[in-house]
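Any read-out appearing in this document is the output of simple, stated calculations on the displayed coordinates, not a laboratory observation. Since the structure is predicted, the reported quantities are computational estimates derived from the model, not experimental observations. Here the Cβ positions follow ideal geometry from the backbone for every residue, glycine too, while neighbour counts run over all protein chains shown.
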Amino acid sequence: MKMPAMGLGTFRLKGEPLLATLNTGLALGYRHIDTAQIYDNESEVGEVLATTAVPRNEIYLTTKVWTSEFAEGKLIPSLKTSLEKLGTDYLDLALIHWPSPNDEVPMAVYLEQLAEAKSLGLTREIGVSNFTVAQLKEAIEILGPGAIAHQQVEIHPLLQNRKVVEFCQAQGIAITAYMPLAYGKVLSEPLLMEIGKYHKVSAAQVSLAWLLAQGMTVIPSSTKRENQAANLAALEVSLSSEEMAQIATLERGERCADPDFAPAWD
Ligand SMILES: NC(=O)c1ccc[n+]([C@@H]2O[C@H](COP(=O)([O-])OP(=O)(O)OC[C@H]3O[C@@H](n4cnc5c(N)ncnc54)[C@H](OP(=O)(O)O)[C@@H]3O)[C@@H](O)[C@H]2O)c1
């Protein structure tokens, strides 16, 4: 299954609120769910997959392997545990959540296990998240061109990550923009509000439309039905090339996800 360009993020969501969020999203037409081992919510995602009327093969499911699971012999059992929690026998996409902090585990060790997980059928595609250009180059050297299908990275109008985006596009690595609303910061951005006013949409929808127009997948999270519906409707918003260029001027390096173990960013 091809990754739908609009997915549902699940970071910070657990229990009843997550069940309600996912069920509402599926009813609205979302067919792409983004979770991660570290979110500690794979069981709830599994509960929704088990009870929804939407067949498993119509939902694109991504999980991310946490850095504690990288050592030799650990990653595949760890992915199998994720699959058990998710109540499915395959993932559509398994990502390395972050590069190993301080290269504690050599990249070849965890990437080769990830590639093996794919050859075992545990996941249809593999990829990485939060990799710099140098790390992407190293990953391509290890697994060969074409093996890394996706990179998931923070991108929104206030942090455009151009070097990483250009490198991925040149290599044919699909990009998923996470925190596409800068966790709410784009909502009050005057230029986005102004462009939104012209199109009769919100600043959030303009931010998503701007990312989508660049061929990226977006995975906003929302607990509210109206926001989920609005985000889906952003698929229909068409920005002019002038508006695209104006939004590009909003770059100001506003990184929302920057833990102390993050690599030195490009
Ligand atoms: N790979 C990684 O390292 C990584 C890191 C961070 C995030 N992610 C993924 O990216 C997903 C999205 O990131 P995020 O949840 O942190 O941030 P986000 O999607 O940029 O922002 C979510 C916030 O925006 C609000 N919102 C959503 N749609 C809206 C709309 N149409 N109008 C107004 N407000 C709206 C939500 O509030 P309501 O609930 O009230 O709608 C929520 O507070 C995560 O859930 C996760 O799956 C990945």
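Summarising the amide proton neighbourhood of N41: residues at separation of 5 or more, or on other chains, whose placed amide H is nearer than 5 Å comprise A36. Whose amide H sits under 5 Å from the amide H of S129, counting only residues 5 or more places off or on another chain, with H placed in the peptide plane? For S129, whose amide H was placed from the backbone, the distant partners under 5 Å are I96, Q152. Using the Karplus relation 6.51 cos²θ - 1.76 cosθ + 1.60 with θ = phi - 60°, the per-residue 3J(HN,Hα) values for region 94-108 come to 10, 10, 7, 5, 9, x, 4, x, 6, 6, 3, 10, x, 4, 4 Hz, with x marking Gly and Pro. With bins 10 Å wide beginning at 0, the percent of Cα pairs of region 110-188 falling in each bin runs 18, 46, 26, 9, 1. Of the trypsin sites (Lys or Arg not before Pro) found in region 164-266, the ones in coil according to DSSP and having at most 11 other Cβ atoms within 10 Å of their Cβ are K200, K224, R252. The packing ranking of peptides 115-126, 238-249, highest mean first, is 115-126, 238-249, where packing means the average number of other beta carbon atoms within 10 angstrom of each residue. With point charges of +1 on the Cβ of Lys and Arg and -1 on the Cβ of Asp and Glu, referenced to the Cα centre of region 164-229, which listed residue (Y178, Q228, Y198) lies farthest in the positive direction of the dipole? It is Q228.
Calculate the tail of P(r) for region 80-128: the fraction of all Cα-Cα distances greater than 18 Å, expressed in %. Walk me through the numbers on the way to the answer.
Values: 366 of 1176 pairs.
Above the 18 Å cut-off, region 80-128 has 31 percent of its Cα pairs.
Here E189, E166 are placed in order of increasing Cβ neighbour count within 10 Å, fewest first, which gives E166, E189. If you sort the three axes of the alpha carbon gyration tensor as a ≥ b ≥ c, you get a/c of 1.5 or more for the chain and a/b no higher than b/c, which makes it oblate. For region 1-71, which trypsin sites (Lys or Arg not before Pro) are both in a DSSP coil and crowded by at most 14 other Cβ atoms within 10 Å? Here the sparse-neighbourhood loop sites are K2, R12, K14. Per-residue 3J(HN,Hα) values for region 117-125, derived from phi via the Karplus relation 6.51 cos²θ - 1.76 cosθ + 1.60 with θ = phi - 60°, read 4, 5, 5, 7, x, 6, 8, 6, 9 Hz in sequence order (x marks Gly and Pro). Proximity of backbone amide H atoms, modeled 1.01 Å from N, is registered between Y178 and V153, E154, I155 at under 5 Å, excluding neighbours fewer than 5 places apart on the same chain. For region 152-266, what does the alpha-carbon gyration tensor say about shape, rounded, prolate or oblate, given a ≥ b ≥ c as the root eigenvalues, a/c under 1.5 as rounded, and a/b over b/c as prolate? In terms of gyration-tensor shape, prolate.
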